[in-house]
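The values are calculated or read from the model by the stated rules, or taken from the named source; none is laboratory data. Owing to the predicted nature of the structure, the values given are computational and were not obtained by experimental measurement. Here the Cβ is made from the backbone with ideal geometry for all residues, glycine too, and neighbour counts use every protein chain on show. What goes into the accessible areas is simple: the full protein's heavy atoms, side chains included, and nothing from ligands, DNA or RNA. Shrake-Rupley method; radii C 1.70, N 1.55, O 1.52, S 1.80 Å.
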Amino acid sequence: MPTLGKTINLYLMDGTEEGRWQATLSNWNGIGFKIPRGDLKKCEDLPELNTPGVYFLFGKDDETGRQFIYVGEAEDVQKRLLQPHTFEKDSYWTEAVIFLTSDGTLEKGRVKYLEHRFYTIATDANRYIVKNGNTPTKSSLSKQIRDLLEEFIINVKLMLPALGHKAFIPLPSSDAEKVKSGEDGLLYLTRNKPKPWRAIGKVTAEGFWVLKGSYIYPKLASYVPANVRKAREQYAVSIGADDVLQEDLCFGSPSFASTFVCGKNTSGPNEWKNAQGIPLSALDTVDVPKAASKKKKAKPKTKAASPAKEATSAEILHIRGNKVRAIGKMGGSGFTVLKGSQYIKEETKGCPDYVRKMRMMLVNEGKLADGTFLADVHFKSLSGAACCILGRSANGYIGWLYPDGVSIHGKVQEKGGEPGGKA
């Protein structure tokens, strides 16, 4: 069953974005209010605020520069907000977000339950500093009431970002299992010197994240941009003594992120690759199939396998250049270039006649157009596929690369074999 859409209504109560906001969700009796600190005493027109509810106080932490959140509850929310909080001795909150119900059904036990749950969610998300000095007590309620309140929590998590805060949205690295297994759209930047290391990244609507656990190369090149040098100084406290990042960092672009990681100018779209070795620049334009499930490794053979057998049907190979991005895989009696791959439209003077005819035939069949493969195309050989893509003579053993950037020929050489099979 498809997920149904929802409607959030935002009402600017004072006619300006800097004033008080009211938020409601379709088919829900909950109400949200966003109120600047200075406007709390001007809420005589909101008697709803004198009922039980849960509230969040937001501000900026002076020591770290990060946003903070305080989670609280009250039987009379406005009255409680006008009273001092313990954390205010060294922090100053600037905005309150309040959630209650239009029928006032959030009695003491229920708001205590919500306070505990929201505190736990904010702590686990680790986006904002949580200013609560102690873990709020969790009320003991019947399963029926808990289920109702969990639905309340789901709706609040949906609405809070619309009110300007993402305190309950987990950081990309929060799911350790997905990071470990390489799932959920993760990207990798790897190097072998001075020792094998890697950084982990992810693209979200907020920007490009470099995730906790990434290695940050300690030395900065003399020519590194000033803004990257400044970012290294700003986030120095987030990089451990072992040069490993201790928290997720968000940047504006993949190139800034990769330059921050490597300490020298880099091209992020080419440096960041998925678990199959496909660069981000290709992922933005090419439909990449999901990786097949891992198979048991075959027992070593005394005789080196042919390149065609080295590239199994489950493994995606790629050709990458300044003008082209293409991916394909072995299958059947040849090699298939996958839909969405690019090809160079201009053919070289020395391009073989059979390649010209083959490309023309594919264009007439509607499989090639404007530099793009419009369908999967099967070739009898690796080299035939490479020639079609590059518009010139090409050695498929050398042109097609594994996810780690090594050619098929290179893999065979590593294993001490000789190239064989059909090119």
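Which whole-number percent is the relative contact order of the chain (Cα, under 8 Å, 6+ apart)? If you can, show how the numbers build up before the last one.
Details: 736 pairs, mean separation 36.2, N = 423.
About 9 percent, as a whole number.
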Task: residue 392-residue 241 FRET efficiency (beta carbon distance; Förster radius 45 Å; 0.05 resolution) - done: 0.30
TODO: Quick one: order 206, 18 from most to least accessible surface, probe 1.4 Å.
DONE: 18, 206
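Once you keep just the Cα pairs under 8 angstrom separated by 6 or more residues, what percentage relative contact order results for region 15-60? Write down the numbers at each step before the final one.
Details: 23 pairs, mean separation 12.3, N = 46.
About 27 percent, as a whole number.
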Task: Folded to 0 to 90 degrees: helix 143-159 orientation relative to the chain principal axis, Cα - done: 70
- [ ] For the chain, with all protein chains present and a 1.4 Å probe, just round the carbon and sulfur fraction of the accessible area to a whole percent.
- [x] 51
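Could you calculate the contour length gain from residue 3 to residue 234, that is, 0.36 nm times the residue separation minus the distance between their Cα atoms, to one decimal place in nm?
Details: separation 231, 0.36 × 231 = 83.16 nm, distance 4.12 nm.
Fully extending the segment from residue 3 to residue 234 adds 79.0 nm.
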Task: Potential extension, residue 123-residue 103 segment - 0.36 nm per residue separation minus Cα distance - done: 4.2 nm
Task: Helix-derived mean residue ellipticity, 222 nm - over the chain, DSSP H n ≥ 4, -39500 (n - 2.57), to 500 - done: -7000 deg cm²/dmol
Task: Förster radius 22 Å - calculated FRET efficiency between residue 250 and residue 157, Cβ distance, rounded to 0.05 - done: 0.65
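Can you give me the accessible area per residue for the chain, using a 1.4 Å probe, in Å²?
Details: 22860 Å² over 423 residues.
Heavy-atom accessible area per residue stands at 54 Å².
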Open item on the list: Taking the 0 to 90 degree range and rounding to the nearest ten, how far is the long axis of helix 353-364 tilted relative to the main principal axis of the chain, both from C-alpha atoms?
Closed with: 40
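Can you classify region 185-241 as rounded, prolate or oblate using the Cα gyration tensor, where a ≥ b ≥ c are the square roots of its eigenvalues, rounded means a/c under 1.5, and otherwise it's prolate if a/b beats b/c and oblate if not?
Values: a/c = 1.62, a/b = 1.13, b/c = 1.44.
Judged from the Cα gyration tensor, region 185-241 comes out oblate (a/c at least 1.5, b/c at or above a/b).
May I ask which of 41/89; 166/219; 112/212; 131/157 have a Cα-Cα span longer than 27 Å here? Walk me through the numbers before you get to the answer.
Working: 41/89 21 Å; 166/219 34 Å; 112/212 33 Å; 131/157 19 Å.
Over 27 Å apart, Cα to Cα: 166/219; 112/212.
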